[in-house]
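Here is the structure we will look at.
All of the numbers you see were taken from the coordinates with simple rules; none came from a lab. As the structure is a computational prediction, the values presented were derived from the model and not from experiment.
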Amino acid sequence: MTQQLHSLTPPPTADRTLLGDRLVKRYAPSVQDSPPALAGVSLAVAPGESVAVMGPSGSGKTTLLHVLAGIVRPDEGDVVWNGNSLRGASDATRTTLRRSEFGFVFQSGQLIPELPAIENVALPLLLGGTDRRQAEARAAALFAPLGLGGLERRRPGELSGGQAQRVAIARALVGTPGVVFADEPTGALDQHTSGEVMHHLTGLSRHLGASLLIVTHDANVAGWCDRTLHMQDGRIVGEARR
Amino acid sequence: MNVLPALRTARRIERATDSSGRLPNTLAIVAFSVATAALLIALAGLHGFQVRDATHPTDVSYTYVGLAACAAGLLAAPVLTLGGVAARLTVGRRDHRLATLRLAGATRTQVVAITLVESGRLALLGSLIGIVLYAGSLVPLSTLRFEEHAFSYRQLVVPLWWLPLVVLGVTLLAVVSGAIGLRRVAISPLGVTARHTPRGLSVVRVLLTMAAVVVWVAIGSSLQQAGVAVLLVIVTLMVAIANVVGPFVLGLAGRLIARNARHAPTLLAARRIIDDPKNAWRAVGSMGLAITVAGVGGSMGSIDTSDMNRTQQLIAQDMRTGSLLTVGIIAIVAATSTCVVQAARVIDRQSELRALARSGAQDRTLIAAALRETSLPLAITVALSAGFTVVMMAPFAQYLNLATAGWIALSVVASIALMLGTVRLTRPLIRQAVTEV
């Protein structure tokens, strides 16, 4: 695996820590007594660390992920990545940041159905302007370590749920991101396949030095992570280390 | 199986849907309106020449009836395509709602009935609006001069009993197209899924077209003395064959482009063409027809008339006018088809677009990919149609003058500009999908 992934290993940087500082987010600020989705959440995700966020529906898990990833702006507080505040960052800057520094895995994979697996994986690099041959070479390096060897030309409709989700993991990692954000990445998978996907997601992220932030309802999934945060009513109410 | 309560429930859900959820219905109504108006305008032209032939017959008035019938025949393909596109839109964009109804206990029969009634309702509404559009077009149409005379309103207003027939026809087209569209999807309580991925298109399409071209080249020159109506019927058949080979060529070109694409927007566009070349052709095929009509009609109208008598000169001049009118209507119908297909694609891919935007794809990249999905097949179709027209007119080359090239080029450029302009109308829709992260 090490040899195949050598070309993907990112250069060490000063401080690839993700910080959330007293984050507040309200979706209906005009509605009186409407509880905020985030009510002053602070957390730090160390380089290479994997963190699971658990909690009941509506507790603010996905909002926290969106705010930390720069998808949604917080009403109060700040997100700091690599020593830089995102508070005043323009939409274009945040878009570039998401493309170049972060990776994403969603519940249903969100692969492009018309593209073969290898082009799906190479897509973030192509969107960033990388030469196609180089982008596909980098994408190809991820297939064997993820147990996807030989499936490069298959389209998402020709893959099993677990295979499709591993392709999504490859797509999230192909740009050697600093952080991978995963929103219920195993929500549509059975227990066995879910374990396989988590094995690959945590192992490969750690190998590439990427931090991992996973939103999940599943305690088994959280068990793969270094740390689990519990949320309720927009606040972190508990923390457990493995 | 009780259909009426299901229909009432579906209507209540429909009324409660917000404006963005109603967009597919609005697009479908626009498409049915344009299709109906185009059909009625073509019939009005035919009726006008029939009335002239009956009330003021001349040596060539029956030839004009034949030419008008050919023009109406040429319009049939794009109008049917637009109607079909609109019907697919009414069927295909209800995934979530249909699945929810199935989950709530609706039978497959009830869901099919809801969908078809809804398609018919939108077609009925659209065709009624189309009648209003047709009525509004009578003023500009009455300024056109054929045989040195403008049409009177009496000549252009079709018999009133034609109107319910047209409305019925459009509604039936929507229901039948909707039923065909439903056969391709499985509506289960867990969602609406396509039954299979599209298969590759048969090479028989190409062989058929090559055979037709060989036959044309062999017999074309012997047809120089044949009546214009006969030639236009042959042109119509050739256009039908172009519709057979068009999707095949688009699929082939898509593979070539995908293999050599260097950037994400081109790669995405090419892969989507390969995935469903028939859909890509539906979006742009009518423009190919417009170009062929512009080329053939324009060429015939540009034949050197200095040795002809006054009547022949008039026919040549009127063919130019008729071709221009036909091309204009086809271009509007084609642009509407493209716009509806493009909007439907964006609506279909909202979650995909959103995921890409979340992952850091820039708005302009996603918009470029979406626009290229139309502009690539359009460019291929333009090249194909222009080549096809050159082959069609080769037997008559000795009679053509230089004005032909200018005429064709102008019509082609105007038609393409109209189509690309309407595609750009869908940019806000893409931006909306992308920014709702």
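A few remarks follow.
- Taking amide H positions as modeled 1.01 Å from N, with prolines and chain starts lacking one, the residues under 5 Å from A:Gln232 and 5 or more places away or on another chain are A:Val237.
- Contact order normalised by residue count of chain A, Cα under 8 Å, 6+ apart, percent: 29 percent
- Relative contact order %, region A:21-138, counting alpha carbon pairs below 8 Å whose residues are six or more apart: 20 percent
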